[in-house]
1. Whole Å is fine, so just give me how far the alpha carbon centre of the range 290-312 lies from that of the range 608-623.
2. Under the Kirkwood approximation for Rh and a Cα-based Rg, what ratio Rg/Rh is obtained for the range 101-195?
3. For the range 461-616, what does the convex hull of the Cα positions come to per residue, in cubic angstrom?
4. Could you tell me how many cubic angstrom of Cα convex hull volume the range 134-258 has per residue?
5. For a distance above 22 Å, tell me the whole-number percent of Cα pairs in the range 241-375 that qualify.
6. So how do 391-401, 324-334 stack up, highest first, on mean other-Cβ count within 10 Å?
7. Please give the calculated 222 nm ellipticity per residue for the chain, where each DSSP H segment of at least 4 residues contributes -39500 (n - 2.57) and the sum is spread over every residue; nearest 500 deg cm²/dmol?
8. Quick check: Cα centre of the range 473-492 to Cα centre of the range 78-116, how many Å?
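Bear in mind that the values in this text are calculations on the coordinates, not laboratory data. These numbers were taken from a predicted model, which means no experiment stands behind them. Note that we place each Cβ from the backbone using ideal geometry, even for glycine, and neighbour counts take in every protein chain shown.
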Ligand SMILES: Cc1cc2nc3c(=O)[nH]c(=O)nc-3n(C[C@H](O)[C@H](O)[C@H](O)COP(=O)(O)OP(=O)(O)OC[C@H]3O[C@@H](n4cnc5c(N)ncnc54)[C@H](O)[C@@H]3O)c2cc1C
């Protein structure tokens, strides 16, 4: 946005690299139409319209997905040997064929284009099944469908593109998404892959190399992000990134190597080189220069697959842990009776419930409107879901003790139950890194959290603007805050009644804490001014508070809904979750005022300079 509206963010004091990154992502940002529930929390608003009562899956939609999901579950249990896939590093072709026959490659693709035409919620339920069983198969289906060709095509494809490619990808032709390069991890502004138009303008010639492209070594079609010639806007060259659909059998596309990782041993992930690849103009997605918008919007919904898979993984860990904590006796009692293990089990159950509630809530927004703005909700699900799933799988390993660390094959060879916690842990470690790392998710949420304030007061602090414009903006901002700020001190309730008094208390807590959050954020803005952008740890705490409030709300509303359907036991689970989340929120608030961020930062900078190099002595080092 600042490229067209430079008043929002002052980039004058940034390094060239930082400015390029900010300007590119800002230009691709979706403009906010209306604040969603999660966005409202940061502004002291507690608006439950659209999310209360909890928008549970409609019976007819559930019914529509049921037959497929049952078949998928049977296929996974009977034909997908996840340990063998992990051991061999290959997903057998027969499994791929069966998955394709079932329609797994086109779950969300409309039936008119050869897919199953199922809802986002049913897709998330499929991801839960996959995530509970086999990380490799999950990654194959997710990379294909959530970020590969189907999702951007459903959202932005022309009718011709849809007719040409959707039936192919829904039928089992594997697709992939290629953004990352050696210098492009979290920073697309550093992209080197280029696409130059041919003299007649009908084609583009792509040259470059993409790294870590999941499914890339097996894909028939890939969405490729490439830099296209800059456009002149107000006398300034504006960088352009464009998304192309590229067929891998076109001349010049070459898989250079397959990459191998700590987990996900059967990931068909590779380095792909594009050498003078001629791509027709009609294979551009959305429009020239809109590639980052395509990528970001695709990921908004695509990002829900990972937390859904994490729900499946967490449920599996819960099952494993519960069984073992009952079975295993040490020191005269089942280990589940020892408080240290019981604590893990309780948290595991509660966090799994919260993760599922958040994910289903966000998925329901997409089912209501496939263009719904779920940026914040999906990012919160991704951030919270992947971090807590990691904690859950890590604790499952701790509860299983030595057996947790032992491979399933080794357990089996000794005649024990081949419980694959070690594989689940290896396969899930990547979740907080790809599809937007946790650090980037916090920055992304922080940007959205600050958006209403940047709109009101960004121009006041922007030294790039003329004085007159800044003065005018200052008057407008003063008028806004004179009305808004005092409201943040008024007492408030949730304005919504849930059946259980415990849950009601938590909902009221969210309503009043969102005001405290809004006030605290405002105070931080006043204190730090434009430098707030550099306070990543502080911003992260605001983000974490907002995310916990979202998790509490989703859990309370879903527990209320389920208890009305005869599942009253979940109220206790949600209540325990909310109490734990409130303790975390309290701690984040305390750390807003009292922390040692500054000292830690200085220590880190001095470490970077080598001041503590002596700490690295006494080891075997290659350097
Ligand atoms: C198994 C696997 C599969 C993948 N699949 C695909 C795929 O299909 N398609 C694709 O395009 N890419 C894919 N990727 C790439 C993946 O999305 C990137 O690894 C990810 O974006 C992070 O980039 P990076 O590894 O280069 O880390 P970097 O960007 O170098 O970051 C390193 C660390 O610094 C942090 N960091 C970076 N910038 C900031 C900042 N401004 N503030 C604070 N912290 C920051 C990061 O969070 C991270 O912790 C895959 C990667 C792997 C390992």
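1. 40
2. Ratio of gyration radius to Kirkwood radius: 1.02.
3. 166
4. 134
5. Tail fraction, whole percent: 64.
6. Averaged packing, sorted descending, gives the order 391-401, 324-334.
7. Calculated from helices alone, the mean residue ellipticity at 222 nm is -18500 deg cm²/dmol.
8. Value for the Cα centre distance between the two parts: 54 Å.
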